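Any read-out appearing in this document is the output of simple, stated calculations on the displayed coordinates, not a laboratory observation. Keep in mind it's a predicted model, so treat the numbers as computed, not measured. Please note: Cβ atoms are built from the backbone with ideal geometry, for glycine as well, and neighbour counts cover all protein chains shown.
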Amino acid sequence: MFKYLFLVISFISISFCSSAETIEIDMVNKLGKEKMVYSIKVAKIDIGDTIIWKSADKGHNVEFVEMPKGVKKFKSKISKDAEYKFEIPGIYLYICTPHKAMGMIGLVVVGDDLSNLNQIKKAKMQGKSKKIFKELLKEL
């Protein structure tokens, strides 16, 4: 009896653990006609999923500039891959620190939660990022 109960509990645990996904986003100098971009601009993921930002071209990073309450500041090193596991639902706005004015920004929506959208909309953008930011918000 205990043997079967253990097997059932193990199976359920494995099912929950294996449901998390990992998404890769490239940080690149050029993608099609665009320059200084992330390969995915708006990522919609589940709680517990991980994003790996790959340093495909040198000179880029990831810095959270707006995020849900309870999330600690996150800023990766320049020209290094970055990884973050998303545990708190909501919208995360991130930039490439050296290329934010050139439009190198992205959004992550975790758990289909748009509760901090008003906070995100108030973010100050510079240069080309202003226009791109408006376009990204339309995708939410």
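Some notes on this structure:
- Were the residues from residue 77 through residue 122 laid out at 0.36 nm apart, the gain over their Cα-Cα distance would be 13.6 nm.
- Under 17 Å from the residue 131 label point (7 Å along Cα→beta-carbon), backbone N, segment 36-67: 36-38
- Helical runs assigned H by DSSP (4 residues or longer) give the chain a calculated mean residue ellipticity at 222 nm of -6500 deg cm²/dmol, each run adding -39500 (n - 2.57) before division by the residue total.
- Taking chymotrypsin sites (Phe, Trp or Tyr not before Pro) across segment 40-140, the ones in a DSSP loop with at most 14 further Cβ atoms lying within 10 angstrom of their Cβ are 74.
- Pairs from 30/138; 80/122; 77/138; 30/122 whose Cα-Cα separation, in the structure shown, is over 26 Å: 80/122; 77/138; 30/122
- Dipole magnitude of the chain, debye to nearest 20 (Cβ charges: Lys/Arg +1, Asp/Glu -1, about Cα centre): 800
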